[in-house]
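The values are calculated or read from the model by the stated rules, or taken from the named source; none is laboratory data. What you see is a predicted model, and the numbers here were worked out from it, not measured in a lab. Here the Cβ positions follow ideal geometry from the backbone for every residue, glycine too, while neighbour counts run over all protein chains shown. We work out accessible area using only protein heavy atoms, side chains counted, and drop any ligands, DNA or RNA first. Shrake-Rupley method; radii C 1.70, N 1.55, O 1.52, S 1.80 Å.
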Amino acid sequence: MRKIAIWFGIGLAILVAYAAKSVFEISDQTFTLSVLAALLVYASWHFSERVDALEERVIHKDYSGIKSAIEGERHVPKHQQPKSISDSGVKSRITAAHEMLFEDFRWFGTMLNRHVSDPWSIEELPDTEIRDISSEGPEYGRRYRVYYNSCEMGSVQVTVGGFDWIMQPEKFAANRQARVLIDFDYLRFVPYGDAHSLVSAIILHVGKFEDYETANARASAKATAALTEHLWEAVRVPEAVLDFEHRTDGPYELVRDTTDHWKKAASTHSRNGAVTDEGAGT
């Protein structure tokens, strides 16, 4: 009916135009040019309408599958720990600082899984090359895939932080720094409390740790600021689902303390059988 109405309107417009041509004695050339101009205006309007409809379908894509996975069953983490940081990649780029950080973060995935809300699942990946477009060269560390229930959200990556290690990597032991890269695709669909749980847990483990109350309050404030910035941009650009990207660094004192504690526990209980990385902290 819409198409019929459009064609009927076009036909009526032509009849009116012919009547006006006769009444006002418009020349054939002027009349033809006027009709062509009108057709061009209509074609331009129709093309613009079709482009807008196409953009609407592309930008406002259907996220029902993502939302369904977010509400699905929790993904069970299956760590695929690399044996060493130098298993792959450019070995000349791997320093003593990288080796030390790699060992310090041996159980980082397990630590996070114990400190975040239930839907989250963090599992270590087998490769050690960091994906970071801002880096001028290859970087190495530990990488983790992150799920919220059955939805794969993105990644968490850990590499050496600070600058002192670049010139004197052997002094890294006295002034350890880690840099963590958080990249998530669909964080806006996750409840705020759960999103805050993961971001604050990462910041807590990577930052200073004088005591739990102080460190936790600082991590909570930083997580709130990062999520508020993400919310602001999501509201400012409502037509797009923006990625959540956050970078944090620090001396990772809680990671080091926990790793040392678990190593001692593993050594103490090794007489009772093999102790796996996943069960080292039990």
Fill in the blank from the handout: With the charge dipole of segment 135-272 built from beta-carbon charges (+1 for Lys and Arg, -1 for Asp and Glu) about the Cα centre, the Cα from 259, 162, 141 projecting farthest to the positive end belongs to 259
Problem - Protection proxy ranking, peptides 207-217, 116-126, average beta carbon neighbours within 10 Å, highest first - result: 116-126, 207-217
Problem - Relative contact order [Cα under 8 Å, 6+ residues apart], segment 103-226, whole percent - result: 20
Completion exercise
Given unit charges at Cβ for Lys, Arg (+) and Asp, Glu (-), the dipole magnitude of segment 220-271 about its Cα centre in debye, nearest 20, is 480
Handout entry: Sulfur and carbon atoms: percent of accessible area, segment 109-220 [1.4 Å]
Key = 50
Handout entry: Shape category assigned to segment 65-111 from the gyration tensor of Cα positions, a/c cut at 1.5
Key = prolate
Handout entry: Calculated SAXS-style log₁₀ I(q)/I(0) at q = 0.11 Å⁻¹ - segment 86-205, Debye, Cα scatterers
Key = -0.39
Handout entry: Over 26 Å between alpha carbons, listed pairs 91/264; 78/263; 83/222
Key = 91/264; 83/222
Fill in the blank from the handout: Taking r as the C-beta separation of residue 83 and residue 235 and R0 as 51 Å, the FRET efficiency to the nearest 0.05 is 0.65
Fill in the blank from the handout: Note, segment 110-127: 3J(HN,Hα) by Karplus (6.51, -1.76, 1.60, θ = phi - 60°), whole Hz, Gly/Pro = x, goes 5, 4, 5, 4, 8, 10, 10, 5, 3, x, 6, 8, 10, 10, 6, 9, x, 9
Completion exercise
Computed about the Cα centre, the charge dipole of segment 99-244 from +1 Lys/Arg and -1 Asp/Glu charges at the Cβ has a magnitude in debye, to the nearest 20, of 300
